[in-house]
Amino acid sequence: MNNNEEILRKNVYLESERLLLRPFSLDDAEDMYAYASDPIVTKYLTWQPHINIAQTRKVLNDFFINKPGIYAIVLKQEQRCIGCIHIRIDDRHDKASFGYVLNRDYWNHGYMTEALDQILELAFNKLKLNRVESTHYARNERSGRVMQKAGMYYEGVGRQEVKIKGTYYDVVHYAILRNEWVGDKH
């Protein structure tokens with residue numbers, strides 16, 4: 001186990017004013033199914049909407065449970081999993097990327113920006129990374145606004161960079177550096 005993996009294993013709970021980021025469990029299956037089966041939520045994701053709760057349980061078991069860096073986003077007030085955020089570390093370059101998904105019923109309330117702030121805090125203050133980057137598809141501007149609100153900077157567009165569900169998408173790139181994070185947040 002490398003140092004960053006050890007740090008992730010020690011930071012399985014991240015907390016903000018309204019949210020708890022924590023490991024997934026099978027108890028999250030119904031909440032996950034609520035967003036993972038929604039074709040509007042999954043439109044810009046690489047996977048198809050879930051077709052039944054059994055599929056969601058299998059995905060939880062195979063890809064989410066006991067995986068460092070994958071967090072259930074729990075709304076404290078409701079004690080409900082409303083989404084997922086995942087940090088992926090590239091040790092060789094002292095950087096990370098992330099992805100996220102949120103139940104549509106909770107869009108436009110600042111929850112994803114709040115969750116991303118916790119991931120950036122982890123990346124820069126605990127993991128001591130130099131850079132955090134991510135992308136969104138050009139037609140998914142809401143995701144870009146989340147990154148902008150978290151202090152990330154637009155870096156450019158990869159034209160027709162990916163093919164998702166039979167459609168080519170331009171990919172918009174964002175990043176933030178450690179020295180920019182410290183300057184913006186503290």
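Starting from 0 in steps of 10 Å, tell me what percent of the Cα-Cα pairs of the stretch 58-97 lands in each bin.
26, 41, 27, 6
Which value in deg cm²/dmol, rounded to the nearest 500, describes the helix-derived mean residue ellipticity at 222 nm for the chain, given -39,500 (n - 2.57) per DSSP H run of n ≥ 4 and division by the residue count? Spell out each step's value before the answer.
Values: 6 runs with 51 residues, N = 186.
Taking each H run of at least 4 residues, the total per residue is -7500 deg cm²/dmol.
Rounded to a whole number of µm²/s, how large is the Stokes-Einstein D of the stretch 91-186 at 10 °C and 1.306 mPa s, given Rh as the Kirkwood radius over C-alpha pairs?
Working: Rh = 14.1 Å.
This corresponds to a translational diffusion coefficient of 113 µm²/s.
Determine ³J(HN,Hα), in whole Hz, for all residues of the stretch 38-43 in sequence, where each value follows from phi through the Karplus function 6.51 cos²θ - 1.76 cosθ + 1.60 and θ = phi - 60°; x replaces Gly and Pro.
Running phi through 6.51 cos²θ - 1.76 cosθ + 1.60 with θ = phi - 60° gives 8, x, 6, 5, 8, 3 Hz.
So how far apart, in nm, are the two label points at residue 25 and residue 76 if each is 7 Å from Cα heading toward Cβ?
1.9 nm
Take the cross-link list 67/149; 43/149; 95/128; 58/163; 76/128; 43/67 and give me the ones stretching past 20 Å between alpha-carbons. List each step's numbers first, then the result.
Details: 67/149 27 Å; 43/149 22 Å; 95/128 9 Å; 58/163 25 Å; 76/128 28 Å; 43/67 25 Å.
Pairs exceeding the cut-off: 67/149; 43/149; 58/163; 76/128; 43/67.
Once you charge only the Cβ atoms, +1 for Lys and Arg and -1 for Asp and Glu, what is the size of the charge dipole of the chain about its Cα centre, to the nearest 20 debye? Intermediate values should be presented prior to the final figure.
Numbers: 26 positive and 25 negative charges, 55 e Å.
Here the size comes out at about 260 debye.
D for the stretch 24-139, whole µm²/s, Stokes-Einstein with Kirkwood Rh over alpha-carbon pairs at 10 °C and 1.306 mPa s: what number? Show your work: numbers first, answer last.
Numbers: Rh = 15.0 Å.
After rounding, the answer is 106 µm²/s.
No value in this document is a laboratory result; all are computed from the given coordinates. Keep in mind that this is a model prediction, so the values were computed, not measured. Neighbour counts are summed over all protein chains in view; Cβ atoms, including those assigned to glycine, are modelled from backbone coordinates with ideal geometry.
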